[in-house]
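Data block below; observations after.
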Amino acid sequence: MRKLIAVLLLCLFIPSGLQAQGNSLETRDVEVRVYLIDIERIDTVSQNFTANLTLVFRWKDPSLAHTGPGPISMPLDNIWFPRIQILNQQRLVSTLPREAEVHPDGGVVQRQRFWGNLSQPLDLREFPFDSQRLQVRLANVGFDEELVNLIPSPDSKISASMTIPDWEVTGWESFPKELTLDDDSDGLKGIVLSVDVKRDIAFFKYKVIFPLILIVMMSWMVFWIDPTLVASQISLSITAMLTMIAYRFALAGMMPRLGFLTILDHFVLASTVVVFLSMAEVIYTAHLSTSDQLEKARKVDRNARWIAPVVYFAMATETLFLRIGL
C-alpha cells in the first residue's frame, strides 16, 4: 500500500515526459521557404482561391547530429519538428511523406507540398474593376509555440506564370506577422505570403457590359415607332424589360450576397432604370395618342430620342468611371 501511494505522489508532482521535453527545449530558429507554384482559381462567390504550393522548413537540432557521411531520412513522429499550419486553409491535400532530411551537423529539412482551397475575404466594392490581395498565412500552433522563431526565407518566391485566366499578378511579398486564430486568442508567431492580383475586365467588358448596353438601346427603338402603333411599342418595351430582368438573374450567380452595391451593380441598376423610363414613356405617349393628342405624343418621342441617350451616358459615366477615379 505504501508503494502504491508513493507512485501516485510521483505522478502528481513530476511533469510528464512531453512537458519535460517542452521545458528543456531552447528557442529554435525555423526558416520557412514558401514557393507558390500556381493559383488555379479565385472564386468570387465562395470567397476563396485554389493554390498549389511547396513549403520547406529548416532548423538545427544538435541532438540529431550523426556521423554521416550524407543526410538520412527520419519520420517526423520520431523527432522534434515545428507544428506549423496554414491558418486560412479549407481543404488541402498534402502530397509528400511526413519525413525530414537530417544532415550530419544536425541540420533538419522538412518539405511538404499542398494543393487545395484557402479562404480569402475579398473587397468587392469596385467589382469588376477590383484588385485583391491573396494571402497564405502560416503560424506555429504547437505546444512549444513560444520556443519557435519563424524566419521568412529570402528564397521564397512565386511562379512566373499562373493558370488563372481572368487575373493578373501585380506583385508579392513574404513577411513575418503576428497572427491569431480568433479574437480571444493570443498572437501567434507567423509568416504571410501575400500576392497582389488585378482582375482582367475583358470578360465583363465584352460579355456583360456591352450586351447590357445593347439591351438598353433596344428599349429606345420605341421612340421611332409611331405612337399610333401602341401594341408594337408596348410589346417591344416589355420585351426589353423582361430581358433586363433575366440578365440581372444571370449576373447574380457571379457574386455573393453582399450588403452593398458594387460598381457593376450600380451600372446594372442605372440600365434598369433607363429601360423602365422608356417603358413609362411609351405608356404616356399611348395615352396622348388615344386622347387626340397625337402631335404632342410624336413630339415627346422626338425629344426622348436624344434625352434617353444623354441620361444613360451620364449614368454610365458616373457608375463606370467616376466611382473608380478614371
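Label points 7 Å out from Cα along the Cβ direction at ALA202 and LEU92: separation in nm?
3.3
Using a Cα-Cα cut-off of under 27 Å, which lysines could be cross-linked to LYS198, ignoring same-chain neighbours fewer than 8 residues away?
Result set, ordered by chain and number: LYS157, LYS177, LYS207.
Report the Cα-based extents of the chain along its three principal axes, largest first, to the nearest Å.
Extents along the principal axes: 115, 52, 30 Å.
Taking 0.36 nm per residue of separation and subtracting the Cα-Cα distance, what length does fully extending PHE321 through ASP61 add?
The span from PHE321 to ASP61 would gain 87.8 nm if fully extended.
Compute the angle between helix 2-13 and the longest alpha-carbon principal axis of the chain, please, reported from 0 to 90 degrees and rounded to the nearest 10.
For 2-13 against the chain, the angle is about 40 degrees.
Per q in 0.09, 0.14, 0.15 Å⁻¹, report the Debye log10 I(q)/I(0) for the stretch 21-199, using one uniform scatterer on each alpha carbon and no solvent.
Values, matching the q order: -0.36, -0.80, -0.90.
Please give the helix 230-252 orientation as an angle from the longest Cα principal axis of the chain, in degrees from 0 to 90, rounded to the nearest 10.
0
Once every DSSP H run of n ≥ 4 in the chain is given -39500 (n - 2.57) and the sum is divided by its residues, what mean residue ellipticity at 222 nm do you get, rounded to the nearest 500 deg cm²/dmol?
For the chain, the value works out to -11000 deg cm²/dmol.
Using the Karplus curve 6.51 cos²θ - 1.76 cosθ + 1.60 with θ = phi - 60°, what ³J(HN,Hα) values do you get for each residue of the stretch 209-223, in whole Hz, with x for Gly and Pro?
6, 5, x, 5, 5, 5, 4, 5, 5, 4, 5, 7, 4, 5, 6
Please report the base-10 log of the normalised intensity I(q)/I(0) for the stretch 54-100, using a Debye sum with one equal scatterer per alpha carbon and no solvent, at each q in 0.17, 0.21, 0.23 (1/Å).
Here the Debye-derived log intensity ratios amount to -0.65, -0.92, -1.05.
Report, in degrees rounded to the nearest 10, the 0 to 90 angle that the Cα long axis of helix 294-320 makes with the longest principal axis of the chain.
Between the helix axis and the principal axis of the chain, the angle is about 20 degrees.
Rule-based calculations on the coordinates, nothing more; no lab input. Values in this document were obtained by computation on a predicted structure and should not be read as measured data. A quick note on method: Cβ atoms are made from the backbone with ideal geometry, for glycine too, and the neighbour counts reach across all protein chains shown.
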